[in-house]
Every structure is written in structure tokens, then in C-alpha cells.
Amino acid sequence: MTVIFNEMDGGGGAPREPYAQVAEWLKTLSRSDVERALREAEAIFRRQGITFAVYGDDEAAERLIPFDIIPRVFAAAEWRKLSAGIEQRVRALNAFIHDLYHRQDILRAGKIPHEFIIQNEAFVPEMVGVTPPRGIYAHIIGIDIVRVAANEFYVLEDNCRTPSGVSYMLEDREAMMYLFPELFAQQRVAPVENYPAMLRQTLESVAPAGCNGEPTVVILTPGIHNSAFFEHAFLADEMGVELCEGGDLFVDGGYLYMRTTQAPKRVDVVYRRIDDAYLDPLTFRHDSALGVPGIFDVYRAGRVTLVNAPGTGIADDKSIYTYIPDVIEFYTGEKPLLKNVPTWRCSDPKQLAYVLDHLPELVVKEVHGSGGYGMLVGPTSSKKEIEAFRSRLKARPKNYIAQPTLALSTVPTFTKSGVAPRHVDLRPFVLSGDKVRITPGGLTRVALKKGSLVVNSSQGGGTKDTWVLED
């Protein structure tokens with residue numbers, strides 16, 4: 001029988017040390033206290049407009065992500081270990097992307113098959129030879145991490161394109177500090193509220209070399225119908241920068257400008273939340289109405305910085321994930337501090353045969369999938385679902401990878417029947433510019449359904465505040 005690590009349970013009825021104060025606090029809460037706190041938290045989130053869109057769901061186009069009031073807690077030593085592994089990984093990923101669009105030394109060395117890069121739809125040929133300021137391509141990264149034992153963590157995936165969820169991290173903390181200030185007074189919890197200031201510092205630090213004075217930074221959003229629009233508006237407000245849609249920006253004389261009620265204003269840094277394909281209709285998808293015509297030429301000329309750079313998706317593509325331990329060793333000369341989950345590439349006939357024989361035991365994911373869509377969780381799927389997925393897998397094996405079903409750790413969570421363990425993952429947010437900045441904690445996503453391993457909000461998951469205790 002698989003042993004599942006309970007992060008609060010220290011054995012013998014005593015809590016693990018990081019959870020000592022939380023365990024005592026839980027004893028003082030009545031059911032009515034919990035229900036009152038949950039109502040207040042929901043009211044806070046509604047006032048802030050913290051919602052996410054569910055594509056294809058007409059009945060609930062805008063939803064609140066369920067919030068659990070029991071924080072997840074890490075000791076300072078645990079966080080130091082995670083931070084070191086995260087920073088190593090982020091530095092290697094940026095070196096990897098630079099190499100792929102320049103000398104391609106890692107391909108020459110035979111560490112990754114050439115066709116896995118060149119034929120990958122996430123590879124952007126237009127980026128070949130482009131070197132962004134400070135050589136940084138992925139400035140904002142979300143590394144998804146799962147825990148299976150007290151000292152055993154795995155990286156589930158790297159999000160190098162446009163990782164979302166940081167607004168929930170910030171609002172979860174704000175709600176907890178409002179609802180339970182006495183809990184924070186009892187111990188030193190590392191702050192997360194300075195993330196917007198760190199984000200602005202990072203964005204300004206990668207302004208083009210020709211930028212004079214304070215850089216003008218904007219956030220480029222696809223608009224109000226995007227599932228993460230709340231986050232775009234939230235971050236613009238928190239940083240004190242303009243939130244723009246494609247029509248608010250234009251190119252003139254080789255520079256990018258923003259329309260204002262006075263004269264046009266030159267823009268130096270664009271934190272874009274638009275996919276590569278829609279960024280510039282003159283370079284990429286000609287039918288895109290979301291981007292800015294000519295912006296890519298300005299970028300190639302070094303007169304504006306795009307964050308994250310086009311083409312960064314090649315580093316977080318799930319077909320490349322299996323090579324990341326080799327990537328880390330190739331660029332850093334060090335063994336990875338954080339392990340990958342063992343993964344089968346279904347493009348390989350032998351590995352595909354194994355996956356087809358063991359579907360009921362495995363998790364199968366689309367190479368380009370996200371949000372918990374297009375995946376099979378074998379142990380919780382019906383025979384009918386497994387057979388239907390088997391047909392899709394045989395038809396397009398290159399589209400999938402498979403992984404063992406990990407025994408994700410659990411944390412205490414309030415449910416209708418009381419406090420119960422629920423599976424979680426963690427998305428720490430990393431900023432890379434003049435230096436690497438890692439926010440202590442990140443976003444903990446929790447699978448609210450009993451036994452479920454799918455934490456995505458689109459699949460019924462919730463969030464909770466993540467604490468890193470300071471020494």
C-alpha cells in the first residue's frame with residue numbers, strides 16, 4: 001500500500017514542528033468560526049473581483065476559486081533547499097533557451113535530438129540570433145513542485161511562457177492576515193506582499209540599452225474575455241503601470257508607443273500576457289487582432305523588451321521536460337538539486353508500448369496541454385475513459401507523455417465533514433532579471449475532491465495561503 005506523506009502529521013499524535021502553532025490554532029476553531037471566516041473570505045474575493053473564466057462553461061463563465069483557510073507551512077530550512085533547486089533550474093533554463101536560438105551547442109553534443117527542437121511548434125525560428133537585454137528570455141517563471149516525503153520533492157513542470165496565479169497568492173495572504181491577524185503575531189511568516197515591487201524592479205532592470213531615465217513599463221492583455229484578465233488588471237494596478245490592449249500600442253519610426261490623452265508615450269518594456277502566435281500580425285498569425293503590428297521588428301532591433309521573450313515555450317514543452325536534468329548538468333556542471341518525475345515519451349515506440357500496457361496506473365498528459373485539460377489520470381478513470389484515451393494515444397503518440405501516479409503529499413483542509421487531508425502541489429514564482437528573485441512560498445493548489453490528484457482550478461481545485469517560517 002502506498003504511504004502518503006501528511007505534511008502536518010509528525011507521528012504519535014504530535015504535529016510536525018512547522019505546523020505546531022497551526023495545530024494549536026485549529027483546536028480553538030468551532031464550526032461556526034470556520035463558516036464565518038469562509039463567508040468573509042468569499043466576500044473579500046468578490047469585492048476584489050477575483051475570478052477565473054472556465055472556457056466552454058456557459059453556466060459559470062466567471063467563478064471564484066475556492067479558498068481554504070488552513071495555511072500550508074514550510075520550515076525555513078525546507079524552503080532554503082527548494083530555493084536553491086529552483087534558482088539552479090531557472091538559470092539553466094535561460095542558458096538553454098539562449099543556446100537554442102544561437103549556437104545550439106546542446107544539440108551538437110547530442111544531448112537532445114535535433115528534431116525534438118526544430119520540429120517543435122514551440123520553437124520560434126524568428127528568434128534565432130536575437131539576444132534580449134541581460135540574455136534573459138524567461139523573466140517570470142512558475143515551477144510546479146510536488147512533495148512525496150519529508151525531504152523528497154519533484155518538479156512536475158516548468159511554466160516559462162505566461163505563468164498565472166500570482167494574484168491568488170497575494171490575495172490569499174491578504175485574506176488570511178485580515179481574518180486571523182493573531183495567528184501571524186505568533187510566528188514569523190516570510191512576506192509575499194512585496195512581489196509587485198520585485199516584479200517592477202525586474203521589468204525595469206531588463207529595459208533596452210538605449211532607454212533613458214525611468215523605463216516605461218506596460219502590461220499587454222488580450223482583454224476582458226481572457227481567463228486571467230483579473231490578474232492582468234491586478235498586477236498593473238499593484239505595480240502602478242498601464243494595462244494595454246493591442247489597439248492601445250503602435251509602432252512609429254522604429255519605436256513602440258502608447259496612446260495617451262496627451263501625446264503618445266514611448267514604451268520600453270512590455271509584460272505581455274498574449275501567446276506568441278498572436279503577438280504581431282505582421283510576423284506571426286496574420287489574422288490576430290490582439291497584438292501590435294510591427295512590435296516584433298522593434299524587439300529584434302533592441303528598442304523594446306518583451307517579457308517573457310517569444311520562443312521561451314520551447315523550454316517548458318512537456319516533450320522537452322524529460323531532458324531538463326541533462327540541460328541543468330550541461331549548462332551548470334552540477335547535478336540537479338530538484339528531481340524530475342520519471343517520464344515516458346510516447347513518441348518512442350518502446351516507451352509507448354509500456355504506456356499502453358500500463359494505462360490504468362499512469363497519468364498521461366498532452367505535450368502542449370495545460371490547466372488539467374486533455375489528460376488521463378489512470379487510477380481514477382473508468383475502463384471506458386481509459387479505452388477512449390488509448391485510441392487517442394495510438395492515433396497521435398507524439399502528442400503525449402506519461403508519468404507514474406505520484407503519492408502527492410496532503411495537508412489539512414476544511415471540508416463539509418470537517419478537517420481532512422487533501423492532495424496539494426506548489427507553484428513558486430521566480431523573477432529573473434538583474435538577479436533571480438524567488439517569492440517565499442508561492443501558490444498552493446489543493447485538490448478539494450477526496451482522493452483527487454488534480455489541483456487545477458478549472459477541474460475543481462482550490463487554493464490556500466503558503467507560509468515560509470523565518471528562522
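Structure notes:
- For the range 1-145, relative contact order (Cα pairs under 8 Å, six or more residues apart, normalised by length) works out to 15 percent.
- Exposure check, 1.4 Å probe, all protein chains in place: His286 carries approximately 140 Å² of accessible surface.
- A simple count of charges around Leu282, restricted to other residues whose Cβ falls under 15 Å of its Cβ and scoring Lys, Arg +1 and Asp, Glu -1, yields -4.
- Rounded to the nearest whole angstrom, the semi-axes of the ellipsoid equivalent to the range 278-420, taken from the Cα gyration tensor as √(5λ), stand at 34, 21, 20, largest first.
- Largest-first principal axis extents, alpha carbons of the range 209-303, Å: 34, 32, 25
- Averaged over its residues, the range 432-471 has an accessible area of 34 Å² per residue, based on protein heavy atoms and a 1.4 Å probe.
- Solvent exposure of the range 347-404 amounts to 56 Å² per residue of accessible area, where only protein heavy atoms count and the probe is 1.4 Å.
- Percentage relative contact order, the chain, counting C-alpha pairs under 8 Å, at least six apart: 23 percent
- Coordinate range along principal axes, alpha carbons of the range 347-404, Å, largest first: 26, 25, 20
- Reducing the range 407-471 and the range 332-354 to their Cα centroids gives an inter-centroid distance of 25 Å.
- Accessible surface of the chain, 1.4 Å probe, proportion on carbon and sulfur as whole %: 50 percent
- Cα gyration tensor shape for the chain, rounded if a/c is under 1.5, else prolate or oblate: oblate
- In this structure, Glu174 and Lys350 have a Cβ-Cβ separation that, at R0 = 56 Å, corresponds to a calculated FRET efficiency of about 0.65.
- Probe 1.4 Å, protein heavy atoms only - accessible area per residue of the range 45-174 in square angstrom: 40 Å²
- Mean shadow area of the range 10-148, taken as a quarter of the surface of its Cα convex hull (nm²): 15.0 nm²
- Basic side chains Lys and Arg get +1 at the Cβ, acidic Asp and Glu get -1 at the Cβ, and with that the dipole of the range 209-303 about its Cα centre reaches some 240 debye.
- Taking amide hydrogens as placed 1.01 Å from N in the peptide plane, the amide H of Arg266 sits under 5 Å from those of Met258, each at least 5 positions away in sequence or on another chain.
- Over the range 209-303, relative contact order from alpha-carbon pairs under 8 Å, at least 6 apart, %: 30 percent
- Alpha carbon centroid spacing (whole Å) that separates the range 299-313 from the range 131-179: 21 Å
The values are calculated or read from the model by the stated rules, or taken from the named source; none is laboratory data. Please read all numbers here as calculations on a predicted model, not as lab measurements. Because the Cβ atoms are built from the backbone with ideal geometry, glycine has one as well, and the counts that use them run over all protein chains shown. Areas reflect the complete protein model, heavy atoms only, side chains present, ligands, DNA and RNA absent. Shrake-Rupley method; radii C 1.70, N 1.55, O 1.52, S 1.80 Å.
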